[in-house]
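Chemist: Structure provided below as structure tokens; questions to follow.
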Amino acid sequence: MSAVLERPERIGAEREENAPVMPERSVGPAGPGRPRRRVSPPVLAWRQFRRAPVTVYFLAAVWAAGLGSGAIAHGPPRWLSAHAGAGLPSLGHGYWWTPLSAGLWASGLGGYLAVTVLGLLVLAPAERRMGGTRTVTALLAAQAAGVLLAVALIWLAGLAREPWLSALAGDTAVGALPGLLGVGFVLSGTLSPLWRRRLRLLLTAGVTISALYLGHLEQVAQACGAACGLLIMVLIYGRGRPRAGARASAREVRVLVAMLVAVSALGGLLAALVADPDGPMSLFSSLVAAPGPDPHALAAACPHPGLAAACRGLREQQLYARWPGVLVQAAPGLLLLLTADGMRRGRRLAWWLAALINLTVLAVSIRAAAAAYPGARSAAAMLLAAEAMLLPAATLTVLALTRRRFDQGPGRPAARKLTATLATAAAGSAAMFVLLGYLLRDHFRPRPALGALARDLPARFMAGRLPGDRFLPADLPGRLLYVWVFLLFWIVALAALTGFFLRTRAHCDPDAPGRARAILTRGGSSLSYMSTWPGNQYWVSPDGRAAIAYRAIGAVAVTVGGPYGDLAAHDSAITGFAAFCEHRGLQPCLYSITAQARAVTQRLGWTSVQIAEDTVLPLERLHFTGKKWQDVRTALNKAAKDGITAQWHTWPQAPPDLTAQIRRISAAWMAGKGLPEMGFTLGGLDELNDPDIRCLIAVGTDGTVHGITSWMPVYAGGRPVGWTLDFMRRNTDPATFRGVMEYLIATAATTFRAEGAHFISLSGAPLARLDRGERPSVLQRLLDIIATTMEPVYGFRSLLHFKAKFQPDYQPLYLAYPDPAALGSIATAIGRAYLPHLTTRQALRLLTKLLRPHTNHDPVQQRE
């Protein structure tokens, strides 16, 4: 999308040499203003192949080998695995090629899909960034070295009689994931610090989960391949360790600790889904999501009277194998994942929950290990128990060392609400189970007494993980009471905790609005006065020289423009605000900032994109002469001829008959849109109730209001040096003056120039931009598409066309943010800031209007 026509002389915009132009069509690779040619799918596929031929050849070879040997569904046959798979047996027979040949097959369809996805996500970008030769070298080296290292570890474990790895001595494995994971670590050396850290963190978490919880030879080889890739990356790029003296930020520490906590939950859930997990931490899966019963064990145990207890236990597992029971069994794992997300936000309660859960896991692991080996004193048994306790013990140590990083809470009202919700849900579930269970005791076998029902409550809340009285439901009412009551409890508990962690505590400083308003008079941008509107919070610099207004929505702090106050303090204000947001677990998002503020964020390594075009009219060269001002002169002359006058008022002191008409005009405009009035940086009638905001109203000889504009001051040195247009409404009655907006803006400009103002701003045109000869980014293109889609309803391009009549200077406004991965939550927060009360019905109406063809736009009536 582009904002205005390519020939601005049609609408009165001056064309200077090398000035930015406003093309009609999208700015693309074909050049400004020229349409892009369609690319056929075969040509597009050929271009992608030329960019990543190694990836295409590699994936083709893997799938061809799998199809040719019939290994797609269940892996290669036994004879092929013995000759092509890697492991101690194959290397012991002298099959030296197996570390590389194992990469041509996978263990099943899931393995082939994993290789394909990882190849497209890792191998193809690595080929483009590192080159084909270096990528192939890294792939082969990581594959061979990873497999050989895994085999060496297994051999050493056998010598040391270590129980886990030594049990893999007779296995062979296939798969190219060791090499692909190694390439992933090598690729991380070519990325920016933010994405380098994230890619390594993601890959490390993945290989740690698979090795510790699944624990087969294939997973051990993957972990070793990743380690070899990290070593190769250090040798090539020298970025294995952070720079000397560099300290991790609070946000980085929170993310790392949250990932460590999430590993336990994800690993347990993954191991519960696998038929035969063999990792040292697979014991933990029964605490997160217990697997379903073995039908053969159930059939073998139940016919024998001596195995009645085992039969009851297996039947209880069978009850939880149905989907309501599965959800109850997965609830502790989901709770731990939710805790990890809360820790990422710095929540204090999340830290306590993580510590409590890991203490419980450690205690249960010790008890389970002791029960699994009664009376055993062998070194192997003790070593296996120690391995099972390693992760929770390490997690508890890290939690203890980083506890000061988790100090954020949503406030006492939210804490009281959460406590009441959880207590009510727990008490209600317990009462329903005990009382209804006693009334329906004939639906259980054996019939439980009231005390037995009460004693069984802990086991029911934890889906049978804790010991309890073994009575089982005999029919449907018993099953509903046995499982569904506690499913409802977990749904309520997880929903309440989610809301608690997502809630952002308001920055309570009752003096901040007053101090921020005093700072505003020292200087700011054309949007700075919007910081005084209701709903904003304020960050004030420690020295009191600058301030930033923002709205905390979700986990995002969306600013209202950039910093304001002393000009020399603006740069430090941005870095100070970013540190403030990091401490509070918020994602900073500087919205509608100038090019000067954007330059500061670029030095910080932030991402930015243009979101609007501000239109500024310098008043010292304002003259309504020449052909380009014809529309404005016509409006002025017609107003004088019709006896229309422009009256200055402040809304609190305006005559009641005028304000009543303006309310009716605004209500009629809102009814025509059928959507709620937008807020945030778009003022409405409520924002006019300010004695410092001036309203210019066009009034006819009969007292009819033809239109209204409102003007916000722009301060410098304690006095207004400019004014910004905000509120615009035109009477749509056919008998009213149609050129009223041109008349009001021209009259306001003349008045402000006489008062000594330097400029007026016609405010920003959202999602509209000039073509300044820069190649747009992918995100910029996406915003252009969104603007084109929303043009029929909101008329962004038409609005900029209208403002071009006044020959303004164009100044871009940007959105800047530090984390590109948070763009989705930032977009959601901005949408909620503009439409906080959008209902489903209104959203559907908006979608209908966007899909409906439109031909006419009124830029004034579509101001918002």
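Chemist: Report every pair of residues separated by at least 6 positions or lying on different chains whose Cβ atoms are under 7 Å apart, first residue within the stretch 487-509 and within 24 Å of Val556 (Cα to Cα) and open to solvent by less than 60 Å² (accessible area, probe 1.4 Å), second modelled with pLDDT of 80 or more and among the acidic types (Asp, Glu).
Modeler: As it stands, the answer is Phe501/Asp341, since those pairs meet every condition given.
Chemist: Is it true that some residue in the stretch 143-151 is under 30 Å from Arg603 (Cα atoms), open to solvent by 40 Å² or more (accessible area, probe 1.4 Å) and either part of a helix (DSSP H, G or I) or out of contact with any His (no Cβ under 8 Å at 6 or more places or on another chain) (or both)?
Modeler: There is no residue in the stretch 143-151 that is under 30 Å from Arg603 (Cα atoms), open to solvent by 40 Å² or more (accessible area, probe 1.4 Å) and either part of a helix (DSSP H, G or I) or out of contact with any His (no Cβ under 8 Å at 6 or more places or on another chain) (or both).
Chemist: Can you confirm whether Ala573 is part of a helix (DSSP H, G or I) and open to solvent by 10 Å² or more (accessible area, probe 1.4 Å)?
Modeler: No: the conditions fail for Ala573.
Chemist: I've got another one for you. Inside the stretch 220-238, can you point out the residues that are open to solvent by 20 Å² or more (accessible area, probe 1.4 Å) and out of contact with any Pro (no Cβ under 9 Å at 6 or more places or on another chain)?
Modeler: Ala227, Leu230, Leu231, Ile232, Val234, Leu235, Ile236, Tyr237, Gly238
Chemist: Residues being touching a residue at least 60 places away in the same chain (Cβ under 8 Å) and of a type in the set (A, V, I, L, M): count how many of those fall in the stretch 514-552.
Modeler: 3
Chemist: Of (1) touching a residue at least 24 places away in the same chain (Cβ under 8 Å); (2) under 29 Å from Ser531 (Cβ atoms), Trp629 satisfies all except one. Which?
Modeler: (2)
Residues checked against (1) at pLDDT 80 or above; (2) buried (at least 17 other Cβ atoms within 10 Å of the Cβ); (3) within 23 Å of Arg633 (Cβ to Cβ):
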{"position": "Met712", "(1), (2), (3)": "yes, yes, no"}
{"position": "Ala716", "(1), (2), (3)": "yes, no, no"}
{"position": "Asp726", "(1), (2), (3)": "yes, yes, no"}
{"position": "Asn731", "(1), (2), (3)": "yes, yes, yes"}
{"position": "Leu762", "(1), (2), (3)": "yes, yes, yes"}
{"position": "Leu770", "(1), (2), (3)": "no, yes, no"}
{"position": "Arg775", "(1), (2), (3)": "no, no, no"}
{"position": "Arg781", "(1), (2), (3)": "no, no, no"}
{"position": "Pro792", "(1), (2), (3)": "no, yes, no"}
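Chemist: On to the next question. Can you pull out the strands (runs of 3 or more DSSP E) entirely within the stretch 692-749 that have at least 2 residues that are among the charged types (D, E, K, R)?
Modeler: Hits in the stretch 692-749: 719-730.
Chemist: Mind listing just one residue for me: the one in the stretch 654-705 that is modelled with pLDDT of 85 or more and in contact with a Gly (Cβ under 6 Å, 6 or more places away or on another chain) and, of those, most open to solvent (accessible area, probe 1.4 Å)?
Modeler: Per the stated criteria, the residue is Thr701.
Chemist: Do the conditions hold for Ala126, that is, is it under 14 Å from Leu59 (Cα atoms) and either part of a helix (DSSP H, G or I) or in contact with a Pro (Cβ under 9 Å, 6 or more places away or on another chain) (or both)?
Modeler: So Ala126 fails the test.
Chemist: If you scan the stretch 595-622, which residues turn out to be open to solvent by less than 20 Å² (accessible area, probe 1.4 Å) and part of a helix (DSSP H, G or I)?
Modeler: Across the stretch 595-622, the qualifying residues are Ala597, Val600, Thr601.
Chemist: Yes or no: the stretch 358-381 includes at least one residue that is out of contact with any Phe, Trp or Tyr (no Cβ under 7 Å at 6 or more places or on another chain), at pLDDT 90 or above and under 23 Å from Phe486 (Cβ atoms).
Modeler: No, the conditions are met nowhere in the stretch 358-381.
Chemist: Condition check: surrounded by fewer than 21 Cβ atoms within 10 Å (Cβ to Cβ), assigned to a helix (DSSP H, G or I), at negative phi and touching a residue at least 12 places away in the same chain (Cβ under 8 Å). Does Val136 satisfy that?
Modeler: Against the criterion (surrounded by fewer than 21 Cβ atoms within 10 Å (Cβ to Cβ), assigned to a helix (DSSP H, G or I), at negative phi and touching a residue at least 12 places away in the same chain (Cβ under 8 Å)), Val136 qualifies.
Chemist: Here's another thing I want to ask about it. Considering Leu181, Leu168, Leu177, Leu156, which residue is at pLDDT 90 or above and surrounded by fewer than 16 Cβ atoms within 10 Å (Cβ to Cβ)?
Modeler: Leu156
Chemist: Take the residues in the stretch 91-109 that are within 42 Å of the chain's Cα centre (by Cα), in contact (Cβ under 8 Å) with a residue 60 or more places away in the chain and open to solvent by 20 Å² or more (accessible area, probe 1.4 Å); name whichever of them is farthest from Gly170 (Cα to Cα).
Modeler: Per the stated criteria, the residue is Leu104.
Chemist: Which count do you get for residues in the stretch 733-760 that are open to solvent by less than 10 Å² (accessible area, probe 1.4 Å) and not aromatic (Phe, Trp, Tyr)?
Modeler: Matching residues across the stretch 733-760 total 8.
The values are calculated or read from the model by the stated rules, or taken from the named source; none is laboratory data. What you are looking at is a predicted structure, and each value in this text was computed from that prediction instead of being measured. Backbone-built Cβ (ideal geometry, glycine too); neighbour counts: all protein chains shown. With ligands, DNA and RNA removed, areas are computed over all heavy atoms of the protein, side chains included. Shrake-Rupley method; radii C 1.70, N 1.55, O 1.52, S 1.80 Å.
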